[in-house]
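Novice: Would you mind keeping the following structure in view while I ask a few things?
The values are calculated or read from the model by the stated rules, or taken from the named source; none is laboratory data. Everything quoted here is computed from the prediction, not taken from an experiment. Glycine gets a Cβ as well: all are built from the backbone with ideal geometry, and neighbour counts include every protein chain shown. SASA here: full protein model, heavy atoms, side chains in, ligands and nucleic acids out. Shrake-Rupley method; radii C 1.70, N 1.55, O 1.52, S 1.80 Å.
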Amino acid sequence: GEVIRIPLRTVSGMNVREHFRVRAKRVKAERQAVAYVLGPQQKPALPIVVTLTRIAPSSGLDPDDNLPSAFKAVRDEIAAWLGVDDKDRATVRYEYEQERGPWGIRIEWRAA
């Protein structure tokens, strides 16, 4: 599999109270960061399993709801990069993890 690290600060869209323009700007910035890093990468053969790890100095988010929601923009951009529908669980399955450390995300994929 492939491992990519991006120094991105992720927030749960469910928890954060931000104005819609601020949110739109954040989502766009997250997607651009992911697109920039994924762009030159060799696209994997599908189907794949993608593990998204949130790295944060805090104790972490609720793994059931908030963790997936923090990765919404990242997931959307990965789907766009792969040319698949974001809802297509048969082609791309997402797993979520979190760990303590300086802000960032890790994107890993392997054959499904």
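Novice: Among the residues that make up the range 62-79, is at least one of them open to solvent by 30 Å² or more (accessible area, probe 1.4 Å), more than 14 Å from Thr10 (Cβ to Cβ) and not in a loop (DSSP other than H, G, I, E, B)?
Specialist: Within the range 62-79, not a single residue is open to solvent by 30 Å² or more (accessible area, probe 1.4 Å), more than 14 Å from Thr10 (Cβ to Cβ) and not in a loop (DSSP other than H, G, I, E, B).
Novice: For the range 1-25, how many residues are touching a residue at least 24 places away in the same chain (Cβ under 8 Å) and not hydrophobic (A, V, I, L, M, F, W, C)?
Specialist: Quick first cut of the range 1-25, residues touching a residue at least 24 places away in the same chain (Cβ under 8 Å) only: 1-15.
After this cut, where a residue has to be not hydrophobic (A, V, I, L, M, F, W, C) as well, the list is 1-2, 5, 7, 9-10, 12-13, 15.
Adding up the residues that qualify gives 9.
Novice: Same structure, new question: Does Arg106 count as at pLDDT below 90 and out of contact with any Pro (no Cβ under 9 Å at 6 or more places or on another chain)?
Specialist: Working: at pLDDT below 90: no; out of contact with any Pro (no Cβ under 9 Å at 6 or more places or on another chain): yes.
The answer is no for Arg106.
Novice: Still on this model: Limited to the range 33-48, what total is found for residues that are of a type in the set (A, V, I, L, M, F, W, C) and loosely packed, with under 12 Cβ neighbours inside 10 Å? Don't jump to the end; show me each part of the working.
Specialist: Within the range 33-48, the first condition is being of a type in the set (A, V, I, L, M, F, W, C), and the residues that meet it are 33-35, 37-38, 45-46, 48.
Then drop every residue that is not loosely packed, with under 12 Cβ neighbours inside 10 Å, which leaves 45.
Selection size over the range 33-48: 1.
Novice: Follow-up. From Leu46, Leu61, Leu67, grab the single residue that is touching a residue at least 40 places away in the same chain (Cβ under 8 Å) and within 14 Å of Trp109 (Cα to Cα).
Specialist: Working: Leu61 fails: within 14 Å of Trp109 (Cα to Cα); Leu67 fails: within 14 Å of Trp109 (Cα to Cα).
Answer to the selection: Leu46.
Novice: Take Ala24 and decide whether it is surrounded by 18 or more Cβ atoms within 10 Å (Cβ to Cβ), more than 13 Å from the chain's Cα centre (by Cα), of a type outside the set (Asp, Glu) and farther than 21 Å from Gly1 by Cβ. Please lay out each step first, then the result.
Specialist: Numbers: surrounded by 18 or more Cβ atoms within 10 Å (Cβ to Cβ): no; more than 13 Å from the chain's Cα centre (by Cα): yes; of a type outside the set (Asp, Glu): yes; farther than 21 Å from Gly1 by Cβ: yes.
In short, no.
Novice: Within the group Leu46, Leu67, Leu61, which residue is under 13 Å from the mean Cα position of the chain (by Cα) and of a type in the set (A, V, I, L, M)? Before you say what the answer is, go through the steps one by one.
Specialist: Numbers: Leu46 fails: under 13 Å from the mean Cα position of the chain (by Cα); Leu61 fails: under 13 Å from the mean Cα position of the chain (by Cα).
Matching residue, one of Leu46, Leu67, Leu61: Leu67.
Novice: Going through the range 38-54 one residue at a time, which ones are part of a strand (DSSP E or B) and at pLDDT 95 or above?
Specialist: As a first pass, look at the range 38-54 and keep what is part of a strand (DSSP E or B): 48-54.
Across the range 38-54, the qualifying residues are Ile48, Val49, Val50, Thr51, Leu52, Thr53.
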